[in-house]
1. Just to check your reading of the model, which residue among Thr122, Thr37 is among the β-branched types (Val, Ile, Thr), under 30 Å from Leu196 (Cβ atoms) and within 16 Å of the ligand (Cβ to nearest atom)?
2. Please go through the stretch 284-307 and give me each residue that is touching a strand residue (DSSP E or B) at 6+ places or on another chain (Cβ under 6 Å) and assigned to a helix (DSSP H, G or I), ordered by number.
3. In the stretch 195-209, how many are touching a Phe, Trp or Tyr at 6+ places or on another chain (Cβ under 9 Å) and open to solvent by less than 10 Å² (accessible area, probe 1.4 Å)?
4. Among strands (runs of 3 or more DSSP E) lying entirely in the stretch 131-221, which contain 2 or more residues that are out of contact with any helix residue (DSSP H, G or I) (no Cβ under 7 Å at 6 or more places or on another chain)?
5. Which members of the stretch 220-262 meet the condition of being in contact (Cβ under 8 Å) with a residue 40 or more places away in the chain and among the aliphatic types (A, V, I, L, M)?
6. Within the set of pairs 6 or more residues apart or between chains, which connect a residue that is open to solvent by 10 Å² or more (accessible area, probe 1.4 Å) inside the stretch 24-36 to a residue that is more than 16 Å from the ligand (Cβ to nearest atom) with Cβ atoms less than 6 Å apart?
7. Here are some conditions: (1) surrounded by fewer than 19 Cβ atoms within 10 Å (Cβ to Cβ); (2) within 16 Å of the ligand (Cβ to nearest atom). Ile10 meets all but one. Which one does it not meet?
8. Within the bounds of the stretch 125-139, is there any residue that is within 16 Å of the ligand (Cβ to nearest atom), of a type in the set (Ser, Thr, Tyr) and modelled with pLDDT of 95 or more?
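The values are calculated or read from the model by the stated rules, or taken from the named source; none is laboratory data. Given the structure is predicted, the values throughout are model-derived calculations rather than measurements. All Cβ positions, even for glycine, are placed from backbone atoms using ideal geometry, and neighbour counts span all protein chains on display. Note: areas computed on protein heavy atoms with side chains; ligands, DNA, RNA excluded. Shrake-Rupley method; radii C 1.70, N 1.55, O 1.52, S 1.80 Å.
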Amino acid sequence: MNDTLKVAVIGGGPGGYAAAFLAADLGMQVTLIDPETNPGGVCLYRGCIPSKALLHVAKLVEEARQAKNWGVEFAEPKIDLARLRSFKEGVVKKLTGGLGQLSKQRKVNYIQGQAGFENSNTLKISRDGGGDETQRFDRIIIATGSRPAAIPAFAIGSARVLDSTGALALADVPRSLLVVGGGYIGLELGTVYAALGTRVSVVEMLPGLLPGADRDLVAPLHRRMSGIFENILLSTTVASLKEEAAGICVTFDGANLKEREVVFEKVLVSVGRKPNSEIPGLANTKVEIGQGGFIQVNKQLQTADPAIYAIGDVVGEPMLAHKASHEGRTAVEHMAGHKVAFEPNAIPAVVFTDPEIAWCGLTQTQAENQSREVAVAKFPWGASGRAMTLDRTEGMTKLIIDPQTERVLGVGIVGVGAGELIAEGVLAVEMAALASDVKLSIHPHPTLSETVMEAAEVFFGQSTHVYRPK
Ligand code: FAD
């Protein structure tokens, strides 16, 4: 390894800071550039972390409501919005401050500012608060992330039309909110606002919520959300938005609409994310940009320019924090001369709604699209003692198994805590576990993790808690 390698990382999100920290640990001289006071990126400042802090509170509110079924009745919650906001902001501040500390401890030169390219090895850095400088580096990692996709027709210049960043700011609790887009970000934020007392509707142009997830995983979530959200409009598009005194007048387009025009106090546009690949001076390098604006990289995260790597949301789907971090570490290991490739079998996806949905590896939908023969073993949570004690039996755990080798190719879970449970699926898929390995591994009782083991028992027709007639 060349221990004097001078490396710059543009962007301090989970991709960028993970790369910068590992590069420093490996003895490289590292500069990390980001506009925020501390590293963190979208994930910590306006993504994963603030949304999960609010979803934690939403879950508490929902459980408190449900508690009357268990003989404990609470009054309707009083929401102190300022305090809730400060809880969320406190979490962000603590975590980003911690990253700032870790950055200093590793002697990473953190520059608060923006970077652009003069050429493949030279960056022009504009420091926040004034001052431009150019610096030469041996290697540069682009980790500039992504931003909410905007629909030009919805840019009506109204403060009532929010993107995810605006929704997370929690300026108020509107009486009504339309979420445009039935993807995970819209559903998570819709869940938060519904718990705080907003009447939430969702509109999705495709025939189902969470396109991309297996339908049997989405069904229990859809059922529960139908009780929490005022309206879920599928196969419906938003034709126009118009600001009026009472709110935003939304015109819908779709086959089975009861009302074509509805006024909402606020509208959250959550229709996907766009890569931040319009970096100043990038044209002075050999970096190539492909479809959808994503920077093109190989399995070592190298761009077409030998001095430049790119990682995270800016290089493509899935746009997830853990994928960004792992790509960052792979890029740095490659720079250090290690023989590495980013070729995971399982990048887990989690939707932090209630119930949660999580999957990893091969999905049933992918297997069908590839006409790949698989066995699917499902364990219904109605047969789980732990799910029963939680009064949440709507869940389901399934294993996607290669019928010839009996290897676990994928895992899908819907139910409370699915986001934590999926980690076992990741390990099983990455370690090429067989269904019998999962079946023979003793799981603690009573836990939801038993549903993974029992799904493997279902595959062999021998589940203790599911009777299969001979
Ligand atoms: P980012 O986190 O986008 O960071 C890029 C950084 O680069 C930013 O700070 C940006 O300001 C900076 N930058 C851009 N251009 C320049 C420049 N020229 N010079 C200097 N700096 C620059 N993912 C999950 O895995 N789990 C979740 O639960 C989850 N929830 C989410 C919830 C919401 C509401 C949103 C919006 C996203 C969520 N995500 C989640 C996605 C996750 O935030 C992203 O996948 C992740 O942040 C991508 O990391 P990154 O390092 O590629 O870039």
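1. Values: Thr122 fails: under 30 Å from Leu196 (Cβ atoms).
None of the others qualify; the one that does is Thr37.
2. Asn284, Gly293
3. Filtering the stretch 195-209 down to residues touching a Phe, Trp or Tyr at 6+ places or on another chain (Cβ under 9 Å) leaves 199-203.
Still in the list and also open to solvent by less than 10 Å² (accessible area, probe 1.4 Å): 200-203.
So the count comes out to 4.
4. Working: elements: 132-136, 139-142, 146-148, 176-180, 199-203.
Because the criterion is at least 2 residues that are out of contact with any helix residue (DSSP H, G or I) (no Cβ under 7 Å at 6 or more places or on another chain), the strands (runs of 3 or more DSSP E) in the stretch 131-221 that meet it are 132-136, 176-180, 199-203.
5. The initial filter retains those residues of the stretch 220-262 that are in contact (Cβ under 8 Å) with a residue 40 or more places away in the chain, namely 220-221, 223-225, 228, 230, 232, 234, 238, 240-243, 247-248, 250, 252, 262.
Leu221, Met225, Ile228, Ile232, Leu234, Val238, Leu241, Ile248, Val250, Val262 - these are the residues of the stretch 220-262 that are in contact (Cβ under 8 Å) with a residue 40 or more places away in the chain and among the aliphatic types (A, V, I, L, M).
6. Taking only residues 6 or more apart or on different chains, the pairs are Ala24/Arg106; Leu26/Ala336; Gly27/Asp3; Met28/Leu5; Gln29/Lys6.
7. (1)
8. Checked the stretch 125-139: at least one residue is within 16 Å of the ligand (Cβ to nearest atom), of a type in the set (Ser, Thr, Tyr) and modelled with pLDDT of 95 or more.
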